[in-house]
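**Q** Please read through the structure below; I'll follow up with questions.
Computed from the coordinates by the stated procedures, all read-outs in this text should not be read as laboratory data. What you see is a predicted model; the values in this text were computed from it and never measured. Every residue, glycine as well, gets a Cβ built from its backbone with ideal geometry; the counts of neighbours run over all protein chains shown.
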Amino acid sequence: MRALLSTAGLARASARHPWRVLGLWLIILVLAGVSASGLGKALTTDANFTGTPESKRGAELIEQRLTGATAMTESIVVHSDHATVDDPAFKATVDHLAANLAGLDGLTESAPNYYQLQAAGAPSAAQLVSKDRHSMLIPVTFAGTNEAVTDRGDAYLDAVHQAESADVQVLTVGDISANKEFNDIASSDLEKAEQFALPITLIILVLVFGALVAAGVPLLLAISSIVVAVGLTALVGRVMDLSFYVVNMITMIGLAVGIDYALFIVTRYREERRHGLDTLEAITRAGATASKAVLFSGITVVFALSGMLLMPSTIFHSLGTGAVLVVIVAVAAMLTLVPAMLSLIGDKIDWPRRRRYDAAAVAEQERYDHETIHRGFWGTVARVVMTHPVPAVVVAVVLLGAVAIPYVNMHRGTAGIETLPPSDTKSAYAILNRDFSAGVLAPYEIVVDAPKNAQTEANIATLTEAIKAEGDFLPTVTVEWNQANDLALVKATLTRDSNSEAAYDTLTTLRKQLIPSAFGGAADQVYVTGSTASNADFFHIIDQYTPVIFVWVLGLSFLLLLLAFRSLVVPVKAILMNLLSVGATYGLMVLIFQKGYLHNLFGFQQTPTIEAWVPIMLFCVLFGLSMDYHVFLLSRIREHYDETGANRTSVAVGLQATARLITGAALIMVVVFAGFAAGRLSAFQQLGFGLGVAVLLDATIVRSVLVPAAMTLLGNANWYLPRWLEWLPDLRIEGGRPTPAQTPAPVTELAALGTDD
């Protein structure tokens, strides 16, 4: 039982009973597939709070004491370039639309349209027609639960589009149409990303392994991990809403870590076979080294990703949950399923090539390892960097620091309908914004939690007049009291996009000036809610919790690396280097997306802001993924150092042993992330680009230049652990048996690097 608790023992047990392991995983996959089929109903485009900021308190008061659950709304735009609302053809189209909506079994409650209000002599009729009289606005509010309305959303959209005529457009924009558009694009982008990434990934794996079977194993394991993680996430979706981005996140992280983890284990297994171990012993040895590194790396990634769960927002909770689950499943698969598959495949892993593993082949491999420590491309890189460590460190740090400078100008926002690619929904939004105001989609809702009396009504009247005088709102400001006359709702509609910088400035004026001026000491009983207020509160919460998440992620990473490598210097150095690469990534994102440099070259949208949740999510994901390479590189360096005590040689051997593997793994990650960056949603363009660039910087400048140069300068101080910390448990990753690949090179071959410490 004790042996099973070790990665080596678990690998050995899985290899000895492969069919049992495969059968168990097959059952898990089937159950996960069944569970995943119900995920769609839990997906939403909303990003709700788990805390109680002002906007949420206001929304809860409206729901509890005035209108009940917030209804879903749509704004139908009827437009013609040629006809006006006075033409019979225009009216016929609107009548056709009204008949279609009436046939939806009472799902909708449509407000009176322009013709009905005009016939009744209502002055508000003019507000539903554009100044040029070529567009008409028809607000629609949906009755019933959000789930019921969403289930019949296609029927509503069909009813709207069927009312179109040759000369008159009928378009809709709002909760149903926007949710459907975002979900459809997310699904389409996911499919295209997989079609792009999987074939290229397979080609890279074939080049890295030089074998088809070996290349297929990591891909199969990654896909299995994704399926199981989606099934588990669907179970979570039964108790909480999930962001529609969650499947994209699971797939992206699952492909990245799943392929990488399997790549490291399969490579180590093949290496041990070349050094003369039989199949079972090679699997066991890979379990004692590479699998243990995967376990520690996975724990580090989970710790980093768990930082997202600290943010009191459902989008962070859902994406963080999906990402954490897929990493946990991937690690579990690597520890059990990979050894079982290797046991069954055996030496067929090299197909279509046939390798010899006899004594002569082992001797040849030992000679090759002995002679190539400082040869080849990566041997040359190691020799140059370690011979000139000071210039290497200076150049790398200056380069990454310079690229990070634009980060100070980062502006955060949220991607609204205006960021969608061309579609009927975006066209409706554009017409609405041009001829009316996009603010009608998300009016300010000002909740006054006070009894209806002369003082409260006077305060509301003062606020209403101040809002009208601002000039940023439509002239109609409505006031509605609940039946108990102890709660009032003031609605004001912006004359501009509710997601614009100007809208957030207006919100600040409203909260900090107009409301305190109108209500005085009773201002704390007034809450501003609505889309703009919710977004602003979301930005504030991100600012508030970002330091907490940074401390959490950095602290746990420091502790794990301290235990894994029994060194104070290793975790400090790793954290500083990772912060450099994260900062450089932020800077490049600002340059390309916000400033617009080269965005056309990459096919990205230029946006005035960076999606608010992307930077902190990037930090958590990048810090976790970048630790992958650090753990694998340092584990090989420490493995050799423990056998020889020679720091310079160990750094060279570790770099030579892992550089090609890390490069291949990083290239796979870049391809996976590029596939998602090539999508049409601006948020995932930013996330995919950021992840891809960070991994590229990390695997080249950081791991191949900065790490070996810094370790050369620090010498044996790399492994410094003060005596007062020697009580810490020894959880080091590396194994205890030297292999020929870890044997120090001859002194003559290391002369160019100087003597060891």
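**Q** When the Karplus curve 6.51 cos²θ - 1.76 cosθ + 1.60 is applied with θ = phi - 60°, which whole-Hz ³J(HN,Hα) does each residue of the stretch 247-252 get, with x for Gly and Pro?
**A** 5, 4, 5, 4, 5, 5
**Q** Work through the residues other than A666 whose Cβ is under 15 Å from its Cβ and net out their charges, Lys, Arg +1 and Asp, Glu -1. Each step should come with its number before you reach the end.
**A** On the way: positive: R660, R703; negative: D260, D628, D698.
My count for the surroundings of A666 gives -1.
**Q** Order of 431-441, 13-23, 74-84, 465-475 by packing, highest average Cβ count within 10 Å first? Please report the intermediate quantities before stating the final value.
**A** On the way: 431-441: 21.5, 13-23: 17.2, 74-84: 20.0, 465-475: 15.3.
Answer by packing, highest mean first, reads 431-441, 74-84, 13-23, 465-475.
**Q** Can you tell me the order of 614-627, 571-584 when each peptide is scored by its average per-residue count of other Cβ atoms within 10 angstrom, highest first?
**A** Details: 614-627: 25.4, 571-584: 20.3.
Answer by packing, highest mean first, reads 614-627, 571-584.
**Q** Ok, one more. For the chain, build the charge dipole from Cβ charges (+1 Lys, Arg; -1 Asp, Glu) around the Cα centre, then report which of S130, V394, Q195 sits farthest towards its positive end.
**A** The residue sitting farthest along the positive end of the dipole is V394.
**Q** By how many degrees, 0 to 90 and rounded to 10, does the Cα axis of helix 376-387 deviate from the longest principal axis of the chain?
**A** Approximately 90 degrees, to the nearest 10.
**Q** Taking amide H atoms as placed 1.01 Å from N in the peptide plane, list the residues 5 or more away in sequence, or in a different chain, whose amide H sits under 5 Å from that of L277.
**A** Correct list: empty.
**Q** Over the stretch 415-510, consider all pairs of different Cα atoms and compute the Kirkwood hydrodynamic radius from their mean reciprocal separation; express it in Å, one decimal. Walk me through the numbers on the way to the answer.
**A** Values: mean 1/r = 0.0680 Å⁻¹.
Every distinct Cα pair counted, the radius reaches 14.7 Å.
**Q** Taking K452 as the anchor, which lysines have their alpha carbon closer than 18 Å to its alpha carbon, excluding any fewer than eight residues away along the same chain?
**A** Partners found: K491.
**Q** What's the angle, to the nearest 10 degrees (0 to 90), between helix 614-644's Cα axis and the longest principal axis of the chain?
**A** For helix 614-644, the angle is close to 10 degrees.
**Q** Using just the Cα positions, wrap the stretch 464-607 in a convex hull and report its mean projected area in square nanometres, one decimal place. All intermediate terms of the calculation are to be shown ahead of the outcome.
**A** Numbers: hull surface 58.7 nm².
Convex hull of Cα atoms, orientation-averaged projection: 14.7 nm².
**Q** Taking 0.36 nm per residue of sequence separation and subtracting the Cα-Cα distance, how much length would be gained by fully extending the chain between R133 and H540, in nm to one decimal? Show your work: numbers first, answer last.
**A** Numbers: separation 407, 0.36 × 407 = 146.52 nm, distance 4.11 nm.
Length gained between R133 and H540: 142.4 nm.
**Q** Quick one: if you stick a label point 7 Å off each Cα along the C-beta vector at D154 and R434, how many nm between them?
**A** 3.2
**Q** Once you have all Cα-Cα distances for the stretch 673-716, histogram them in 10 Å bins from zero and send the whole-percent values.
**A** Histogram of Cα-Cα distances, whole percents per bin: 29, 31, 21, 14, 5.
**Q** State the Kirkwood hydrodynamic radius of the stretch 310-353 in Å, one decimal place, computed from all pairs of distinct Cα atoms. Intermediate values should be presented prior to the final figure.
**A** Details: mean 1/r = 0.0775 Å⁻¹.
One over the average 1/r among Cα pairs gives 12.9 Å for the stretch 310-353.
**Q** Something else now. If I fit a long axis through the Cα atoms of helix 7-16 and take the longest principal axis of the Cα atoms of the chain, what angle between them do I get, 0 to 90°, rounded to 10?
**A** Helix 7-16 sits at roughly 90 degrees to that axis.
**Q** Still on this model: Given only helices, namely DSSP H runs of n ≥ 4 each adding -39500 (n - 2.57), what is the per-residue ellipticity at 222 nm of the chain, to the nearest 500 deg cm²/dmol?
**A** Helix-only estimate at 222 nm: -20000 deg cm²/dmol.
**Q** Per residue and in cubic angstrom, what volume does the convex hull of the Cα atoms of the stretch 644-722 have? Intermediate results must be reported in sequence, preceding the final value.
**A** On the way: hull volume 7.4 nm³, N = 79.
Per-residue hull volume (Cα only) is 93 Å³.
**Q** Here is a follow-up. Amide H of G174: which non-local residues (sequence gap of 5 or more, or other chain) have their own amide H closer than 5 Å, using H built in the peptide plane?
**A** Hits under the 5 Å cutoff: S75.
**Q** Turning to a different aspect of this structure: Through the Karplus equation 6.51 cos²θ - 1.76 cosθ + 1.60, θ set to phi - 60°, convert the phi angles of the stretch 442-454 into ³J(HN,Hα) values in whole Hz; use x for Gly and Pro.
**A** Working through the residues one at a time gives 8, x, 5, 10, 9, 9, 10, 8, 7, x, 6, 8, 4 Hz.
**Q** Please compute the modelled spin-label separation between N482 and K192, points set 7 Å along Cα→Cβ, answer in nm with one decimal.
**A** Distance between the two pseudo-spin positions: 4.6 nm.
**Q** What nm distance separates the two modelled labels at R354 and I27, each placed 7 Å from Cα along Cα→Cβ?
**A** That separation, rounded to one decimal, is 3.9 nm.
**Q** Right, here's the next one. Could you order the peptides 203-210, 492-499 from most to least packed, using the average number of other C-beta atoms within 10 Å per residue? List each step's numbers first, then the result.
**A** Working: 203-210: 17.5, 492-499: 21.8.
Highest-to-lowest ranking by the protection proxy: 492-499, 203-210.
**Q** Starting from 0.36 nm per residue, how many nanometres of slack lie between L207 and D81 once their C-alpha separation is accounted for? Write out the running numbers ahead of the final one.
**A** Values: separation 126, 0.36 × 126 = 45.36 nm, distance 5.72 nm.
Result for the pair: 39.6 nm of gain on full extension.
**Q** Apply 1/(1 + (r/R0)^6) to the Cβ-Cβ distance of W19 and D730, taking R0 = 30 Å, and write down the FRET efficiency to the nearest 0.05.
**A** Numbers: r = 36 Å, r/R0 = 1.19.
Efficiency computed from Cβ-Cβ geometry: 0.25.
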